[in-house]
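Worksheet for the structure shown next.
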Amino acid sequence: MNWTAILAIYKFEMSRFFRTLLQSFISPVISTSLYFVVFGAAIGSRIDQVEGVSYGAFIVPGLIMLAVMTQSITNASFGIYFPKFIGTIYEVLSAPISFLEVVMGYVGAAATKALFIGAVILFTSSLFVELEIQHPIAMVGFMVLTCLSFALLGFIIGIWAKNFEQLQLVPLLIVTPLVFLGGSFYSISMLPPVWQTITLFNPVVYLISGFRWAFFGMADVPIGLSLLAIGGFTALCLVVIWWIFKTGWRIRS
C-alpha cells in the first residue's frame, strides 16, 4: 500500500476545505439553526413528544444524516470531477498507484469533511435541545460508515458527470427527497400501515433508524438491518468503482 500517494491526495483535497473553512463552518450552523426555528419551534410546539423523546431532540439525527449524506456526495464528486475536467486526472492514472489508493485519498478526504460538518451540526443542536447519546460509539460508527459510503457514491457521480450541473443532480433530486421521506423528521410508525410498508423500500430509512437508535435507543427497523443496509451499499459502491477503473469508463475517454 502506497501511503505516501494516499496522503498526498488526501492533503491536496483537504487544503481546498481549509481555504474555505469559515464558509464551511458558518453554513451548517445557519442551516441547522433555521431547521430548529422552523421544525423545532413552529412545528415542535404542536408536537409534545415522539416515542418518549422531545421533538426538537428527535429531529437531530435526521438533520445530521441529511448534512453528512449531501456533503459526502458533493465533496467526493467535485474532488474527482475537477481533475477530470481540467485533465490532471491522467497524471493520477499514470502514477504507480492502484485504484484503491486513489479512492482512499479522494474518498477519505470527502468523508473527513462530512464528519467535520456532522460534528458542527451536533454541537449546534446541543445549543437548542438537551441531547443524551445512549450509544456514543455506535453513533460515531454509523456516522463514519455513512460518510464513507456516500463519499463512494459521490466518487461514482463525479466520474459519471459530464458537467457541473450533473454533479448536483443526484444530491438535490434523489438523496435529499429520500432523506426527507425516510423518517428524518418523523417516525415511520406515525404513518398509515400502507405507507409504512412503502417507506421500507427507501434505503435511507435504515440509515436514519440506526443512527437514531444510537441516540435514543429506539429504531423504526431492527439495528441489524441498518448495519446490513449500509454494509451492502458500501460493498456495491466499491464494486462499481472497481469496474470503472478496470474498464476506464468515462475516465480514459
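Quick note: the coordinates plus some simple rules give every number you see, no bench work behind them. Source: prediction; values computed, not measured. FYI the Cβ positions are ideal-geometry reconstructions off the backbone, even for glycines, and counts take in every protein chain you see.
Does Ile198 satisfy the condition of being over 25 Å from Ile80 (Cα atoms), buried (at least 18 other Cβ atoms within 10 Å of the Cβ) and out of contact with any strand residue (DSSP E or B) (no Cβ under 6 Å at 6 or more places or on another chain)?
no
Can you spot a residue in the stretch 161-181 that is in contact with a Lys or Arg (Cβ under 6 Å, 6 or more places away or on another chain) and crowded, with 16+ Cβ neighbours inside 10 Å?
No, the conditions are met nowhere in the stretch 161-181.
Quick check, is Thr197 of a type in the set (S, T, N, Q), part of a helix (DSSP H, G or I) and closer than 13 Å to Gly62 by Cα?
When the stated conditions are applied, Thr197 does not pass them.
So, of the residues in the stretch 200-231 that are without any contact (Cβ under 8 Å) to a residue 40 or more places away in the chain and assigned to a loop (DSSP other than H, G, I, E, B), which turns out to be nearest to Leu122 (Cα to Cα)?
Here the answer is Ala219.
Might you let me know whether the stretch 125-145 holds any residue that is in contact with a Leu (Cβ under 8 Å, 6 or more places away or on another chain), small (Gly, Ala, Ser), over 30 Å from Arg250 (Cβ atoms) and crowded, with 22+ Cβ neighbours inside 10 Å?
The answer is yes, given that some residue of the stretch 125-145 is in contact with a Leu (Cβ under 8 Å, 6 or more places away or on another chain), small (Gly, Ala, Ser), over 30 Å from Arg250 (Cβ atoms) and crowded, with 22+ Cβ neighbours inside 10 Å.
In the set Phe58, Phe99, which member is in contact (Cβ under 8 Å) with a residue 24 or more places away in the chain, surrounded by fewer than 22 Cβ atoms within 10 Å (Cβ to Cβ) and of a type outside the set (Lys, Arg)?
Step by step, each of Phe58, Phe99 is checked, and only Phe99 is in contact (Cβ under 8 Å) with a residue 24 or more places away in the chain, surrounded by fewer than 22 Cβ atoms within 10 Å (Cβ to Cβ) and of a type outside the set (Lys, Arg).
Counting only residues that are under 15 Å from the mean Cα position of the chain (by Cα) and aliphatic (A, V, I, L, M), give me the helices (runs of 4 or more DSSP H) lying completely in the stretch 60-166 with at least 1 of them.
Hits in the stretch 60-166: 60-86, 99-126, 136-160.
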